[in-house]
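Let me begin by presenting the structure, written as structure tokens, before commenting on it.
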Amino acid sequence: MPQLENARHEAFAQALFEGLGTGRTHGQSYSAAGYTSNPSAAKVNASRLLKSANHIIERVQQLQAQTARHKCVTVEVIVDELEDARQLAQENSQASAMVAASTAKAKILGLEISRTEIGKPGDFDAINSREELAEKYLVEANPDAIITPTKRNLVISELERHIAAITDIAAK
């Protein structure tokens, strides 16, 4: 639907559309469109006009649909935009821009994984077995606790359960 032929109706539709995002009332939109500035009269007249002129409501819906189409962002849309940017950079012999676009695509697609080490550097260098890892976790959780074989085995069982779950997830 193109703009409304009646300029005031178009202005009212535009004001209503803008008011959706700002919380402006129908009466305030009516006044903003150039009609009366009397708040009571604007409220009543806006209601009357909206009841009798469905084309104004249709125009507002059209403006909403246009905005929704422009705001629709998907992974595919972003990847396509980045590919366009990469190709433009290639045409202009801008290697660093090409790399940046490719890197951004890889991040979005989950091909680049950022890993962060937890703990201080070297915290796990001396650990050579699951038993030693279990003891380290137990000591960190409660330095005053007595580490028994039962506790160590419980931690190892839990670690193995987590490893199995992660392996299962990675296989999917």
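The values are calculated or read from the model by the stated rules, or taken from the named source; none is laboratory data. Not measured: the values here are computed from a predicted model. Quick reminder, even Gly has a Cβ in these numbers, built from the backbone with ideal geometry, and neighbours come from all protein chains shown.
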query = Which one of these does residue 7 not meet: (1) among the aliphatic types (A, V, I, L, M); (2) more than 30 Å from residue 105 (Cβ to Cβ); (3) in contact with a helix residue (DSSP H, G or I) (Cβ under 9 Å, 6 or more places away or on another chain)?
reply = (3)
message = Given the condition without any contact (Cβ under 8 Å) to a residue 12 or more places away in the chain, surrounded by fewer than 11 Cβ atoms within 10 Å (Cβ to Cβ), over 35 Å from the mean Cα position of the chain (by Cα) and outside any loop (DSSP other than H, G, I, E, B), answer yes or no: does some residue in the stretch 142-156 qualify?
response = yes
query = List the pairs whose first member sits in the stretch 72-89 and is over 13 Å from residue 100 (Cα atoms), whose second member is assigned to a loop (DSSP other than H, G, I, E, B) and at pLDDT below 85, and whose Cβ atoms are under 8 Å apart, counting only residues at least 6 apart or on separate chains?
reply = 75/109
ask   = If you take the residues in the stretch 5-24 that are within 35 Å of the chain's Cα centre (by Cα) and aliphatic (A, V, I, L, M), which one is farthest from residue 64 (Cα to Cα)?
value = 11
ask   = If you go through the stretch 1-41 one residue at a time, how many are of a type in the set (A, V, I, L, M) and farther than 20 Å from residue 61 by Cβ?
value = 1
inquiry  = I'm checking my understanding of the structure. Among residues of the stretch 25-51 that are hydrophobic (A, V, I, L, M, F, W, C) and either over 13 Å from residue 12 (Cβ atoms) or loosely packed, with under 14 Cβ neighbours inside 10 Å (or both), which one is farthest from the chain's Cα centre (by Cα)?
reply    = 41
query = Taking the stretch 2-42 only, how many residues are of a type in the set (S, T, N, Q), in contact with an Asp or Glu (Cβ under 9 Å, 6 or more places away or on another chain) and in a loop (DSSP other than H, G, I, E, B)?
reply = 1
request  = State whether the residues of the stretch 115-129 include one that is within 23 Å of residue 76 (Cα to Cα) and not small (Gly, Ala, Ser).
outcome  = no
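Here's the yes/no breakdown for (1) modelled with pLDDT of 90 or more; (2) hydroxyl-bearing (Ser, Thr, Tyr):
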{"position": "9", "(1), (2)": "yes, no"}
{"position": "12", "(1), (2)": "yes, no"}
{"position": "20", "(1), (2)": "no, no"}
{"position": "29", "(1), (2)": "yes, yes"}
{"position": "35", "(1), (2)": "yes, yes"}
{"position": "48", "(1), (2)": "yes, no"}
{"position": "75", "(1), (2)": "no, no"}
{"position": "78", "(1), (2)": "no, no"}
inquiry  = Going residue by residue through the stretch 62-71, is there one that turns out to be surrounded by 15 or more Cβ atoms within 10 Å (Cβ to Cβ) and assigned by TED's automatic domain parsing to the domain that holds residue 11?
reply    = yes
ask   = Does residue 79 count as assigned by TED's automatic domain parsing to the domain that holds residue 14, part of a helix (DSSP H, G or I) and surrounded by 13 or more Cβ atoms within 10 Å (Cβ to Cβ)?
value = no
ask   = Here are some conditions: (1) under 30 Å from residue 27 (Cα atoms); (2) over 23 Å from the mean Cα position of the chain (by Cα). Residue 71 meets all but one. Which one does it not meet?
value = (2)
